[in-house]
1. For the stretch 86-118: of the residues being crowded, with 17+ Cβ neighbours inside 10 Å and without any contact (Cβ under 8 Å) to a residue 60 or more places away in the chain, which is farthest from Val191 (Cα to Cα)?
2. What is the residue count in the stretch 150-175 for residues that are at pLDDT below 85, assigned to a helix (DSSP H, G or I) and among the acidic types (Asp, Glu)?
3. Among Ser134, Ser114, Ser104, which is the only one that is of a type in the set (S, T, N, Q), modelled with pLDDT of 90 or more, more than 21 Å from the chain's Cα centre (by Cα) and not in a strand (DSSP E or B)?
4. Between a residue in the stretch 226-243 that is open to solvent by 20 Å² or more (accessible area, probe 1.4 Å) and any residue that is assigned to a loop (DSSP other than H, G, I, E, B), which pairs come within a Cβ distance under 6 Å, given they are 6 or more apart or on different chains?
Amino acid sequence: MGLFNKANNLLSNESEFTIAGVQKNKEIEKTPAFESQVFHKNILFAFSDFIKKYKIQAFAIFELTGNYYTVKDSLGLNGKTIANFSIEQEKFNSIFKMHKNIVSVNINDFDFLSNVFCNMKELFDTLSFCKISSNYIMFCDCEISDHMLDDFQKIDNSNKLDYEMIYQDYSENENSCIAKIDFEEAIETFVCTNATKQLSKTIFVKSIFTEICNRFMFWYNSPFFCKQNDNYSLNLFIPSKIELPNELLLTHIIFNLKDILDNCAEIINIEIFKINQKEDIQKFLES
């Protein structure tokens with residue numbers, strides 16, 4: 001998981017991949033798709049820059065699991081859409097006519113698309129898909145162009161946080177706080193209630209957690225530092241010059257998770273602590 005590492009990294013199990021009919025060798029360093037990542041303002045081309053540049057509201061990578069496509073990574077999909085996203089390979093292949101790898105369709109043109117996106121129909125009418133390999137499909141709510149694909153491959157969120165910079169810039173923020181948010185119980189409860197029974201619930205738990213992690217990059221103004229953990233939790237550092245009541249922060253986070261977890265958002269576990277020492281910030285983010 002992560003904030004959409006390079007397409008090459010997402011396709012780490014493929015020996016080669018296809019974009020817009022052109023095959024390219026993957027000879028760059030690969031990283032696991034599900035691993036702990038640190039997200040921050042990146043001097044390179046960041047996923048947040050990619051989203052803003054193309055004014056994207058919904059974006060996803062679908063992965064072929066057995067004979068079904070499921071959500072591998074996403075931003076802008078609600079919980080019920082992710083939990084019910086299980087589309088047979090044959091049905092999805094029917095979208096790509098005349099051997100085209102990039103297509104745009106109306107959401108009502110295919111019954112299975114209309115059904116899986118039934119909770120989001122009011123947000124978009126046209127859907128675009130790109131078959132980037134035999135196992136992966138890119139989804140976007142706007143037209144997918146060759147230029148967009150080039151930019152997508154330039155995304156790099158691999159840099160580590162500069163703790164010295166954090167401390168120098170925000171040491172005067174006496175009301176900065178750290179938070180650890182545990183989503184495991186909330187996500188599993190939601191998945192047990194809402195997910196399709198065709199595939200293992202673990203697939204949908206991971207997918208929903210990825211959506212949650214990706215959204216944190218867009219909820220708060222920079223700087224906002226967030227580390228994703230493998231146990232379905234996030235470590236956050238929030239620099240602030242004014243005191244942030246714990247209840248306000250908790251309410252804000254739960255509110256922003258409602259469309260993903262429904263009422264299950266209220267059972268996420270959040271621990272919030274004040275912090276302003278560089279060593280403590282580093283220790284917390286690396287824990």
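The values are calculated or read from the model by the stated rules, or taken from the named source; none is laboratory data. These numbers were taken from a predicted model, which means no experiment stands behind them. So basically every Cβ, Gly included, is an ideal-geometry build from the backbone, and we count neighbours across all protein chains shown. Heads up: the accessible areas ignore ligands, DNA and RNA and are worked out on the full protein's heavy atoms, side chains in. Shrake-Rupley method; radii C 1.70, N 1.55, O 1.52, S 1.80 Å.
1. Step one: list which residues in the stretch 86-118 are crowded, with 17+ Cβ neighbours inside 10 Å, which gives 86-87, 92, 95, 101-102, 107, 110, 113, 116-117.
Add one more test, that the residue is without any contact (Cβ under 8 Å) to a residue 60 or more places away in the chain, and what stays is 87, 92, 95, 107, 110, 113, 116-117.
Values: Ile87: 17, Phe92: 23, Ile95: 28, Ile107: 25, Phe110: 25, Leu113: 20, Val116: 15, Phe117: 17 Å.
Restricting to residues being crowded, with 17+ Cβ neighbours inside 10 Å and without any contact (Cβ under 8 Å) to a residue 60 or more places away in the chain, the top hit is Ile95.
2. 2
3. On the way: Ser134 fails: modelled with pLDDT of 90 or more; Ser104 fails: not in a strand (DSSP E or B).
Step by step, each of Ser134, Ser114, Ser104 is checked, and only Ser114 is of a type in the set (S, T, N, Q), modelled with pLDDT of 90 or more, more than 21 Å from the chain's Cα centre (by Cα) and not in a strand (DSSP E or B).
4. Asp230/Ser36; Tyr232/Phe183; Pro239/Asn173; Pro239/Ser176; Lys241/Asn173; Ile242/Asn175; Glu243/Asn175
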